[in-house]
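The values are calculated or read from the model by the stated rules, or taken from the named source; none is laboratory data. Small disclaimer: the values here were computed from a predicted structure and weren't measured. Heads up, the Cβs are rebuilt from the backbone with ideal geometry, glycines too, and the neighbour counts pull from every protein chain shown.
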Amino acid sequence: MTEGHRAAVNDFFVNVFNKILLYEDQALSKSEYKDLSVREMHVLEAVGSLEQEGENNMSRIAASLSISVSSLTTSVNVLVRKGYLYRETGQKDRRVIYVRLTDKGRGAEAVHRQFHRQMVESLENRLSDDEWDTLLRSLDVLGTFFSTAAKGNGGEN
């Protein structure tokens, strides 16, 4: 890899990450859910996904977002107050707190899911099958790196 390659990859990460967040923020501000931040929307997305699996307890949601339970508690408190989530105590173990989407939360999460679908669909016809295969393999390598790095290993395998 050359210095030019390194600079191009670094530029891609910095610019694309920031542009994705900006794009999501702009889409939210134009929707009926303008009272949500991108971070809050991602909490709703995680709750919705884990709710379908029956794994929507606080520790599982926090782990899926790679945040602490205390950080999640702060977000959940705000989202409960805004009417997007509600809490439920576990029936088998009263110490376990489950978080569920309200109807308003389901609506917001559906809009966000559609936003992501449109992002992917906008690329659909721009790449050949071979280019898609290469892109997906590369994204898998990047995903593995970031998952490992997020666990504190600095990306070392």
note = When every residue in the stretch 1-33 that is surrounded by 12 or more Cβ atoms within 10 Å (Cβ to Cβ) and acidic (Asp, Glu) is compared, the one nearest to Ala110 (Cα to Cα) is Glu24
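Give the stretch 126-152 a look and list any residue that's in a helix (DSSP H, G or I) and of a type in the set (S, T, N, Q), or say none. Walk me through it before giving the result.
Quick first cut of the stretch 126-152, residues in a helix (DSSP H, G or I) only: 129-152.
Passing the criteria: Thr134, Ser138, Thr144, Ser147, Thr148.
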ask   = Name the residues in the stretch 55-73 that are part of a helix (DSSP H, G or I), hydrophobic (A, V, I, L, M, F, W, C) and either under 15 Å from the mean Cα position of the chain (by Cα) or surrounded by fewer than 17 Cβ atoms within 10 Å (Cβ to Cβ) (or both), would you?
value = Ile61, Ala62, Ala63, Leu65, Val69, Leu72
Filter result for the condition that a residue is within 29 Å of Phe146 (Cα to Cα), at pLDDT below 90 and hydroxyl-bearing (Ser, Thr, Tyr), over Ser66, Ser70 = Ser66
inquiry  = Against the condition of a type in the set (A, V, I, L, M) and under 18 Å from the mean Cα position of the chain (by Cα), how does Val9 come out, does it pass?
reply    = no
key: the stretch 74-125, residues that are of a type outside the set (A, V, I, L, M, F, W, C), in a strand (DSSP E or B) and under 19 Å from Ser49 (Cβ atoms)   = Tyr86, Arg87, Glu88, Tyr98, Arg100
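Test Thr148 against the criterion of being loosely packed, with under 13 Cβ neighbours inside 10 Å, of a type in the set (Val, Ile, Thr) and within 28 Å of Asn56 (Cβ to Cβ), and give yes or no.
On the way: loosely packed, with under 13 Cβ neighbours inside 10 Å: no; of a type in the set (Val, Ile, Thr): yes; within 28 Å of Asn56 (Cβ to Cβ): yes.
Spelling it out, it is not the case that Thr148 is loosely packed, with under 13 Cβ neighbours inside 10 Å, of a type in the set (Val, Ile, Thr) and within 28 Å of Asn56 (Cβ to Cβ).
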message = Which residue is surrounded by the most Cβ atoms within 10 Å (Cβ to Cβ), if the candidates are limited to the stretch 83-97 and must be modelled with pLDDT under 95 and not basic (Lys, Arg)?
response = Ile97
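Taking the residues in the stretch 98-122 that are of a type in the set (A, V, I, L, M, F, W, C) and closer than 23 Å to Gln26 by Cβ as candidates, determine which candidate is surrounded by the most Cβ atoms within 10 Å (Cβ to Cβ).
Narrowing the stretch 98-122 to residues of a type in the set (A, V, I, L, M, F, W, C): 99, 101, 108, 110-111, 115, 119-120.
Subset that is closer than 23 Å to Gln26 by Cβ: 108, 110-111, 115, 119-120.
Working: Ala108: 26, Ala110: 13, Val111: 17, Phe115: 15, Met119: 13, Val120: 8.
Residue satisfying both the conditions and the ranking: Ala108.
Per-residue answers, yes or no, for (1) under 24 Å from Tyr23 (Cα atoms); (2) free of Cβ contacts under 8 Å to residues at least 24 places away in the same chain:
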position: Leu50; (1), (2): no, yes
position: Met58; (1), (2): no, no
position: Ala62; (1), (2): no, yes
position: Ser71; (1), (2): no, yes
position: Ser75; (1), (2): yes, no
position: Gly83; (1), (2): no, yes
position: Glu88; (1), (2): no, yes
position: Thr102; (1), (2): no, yes
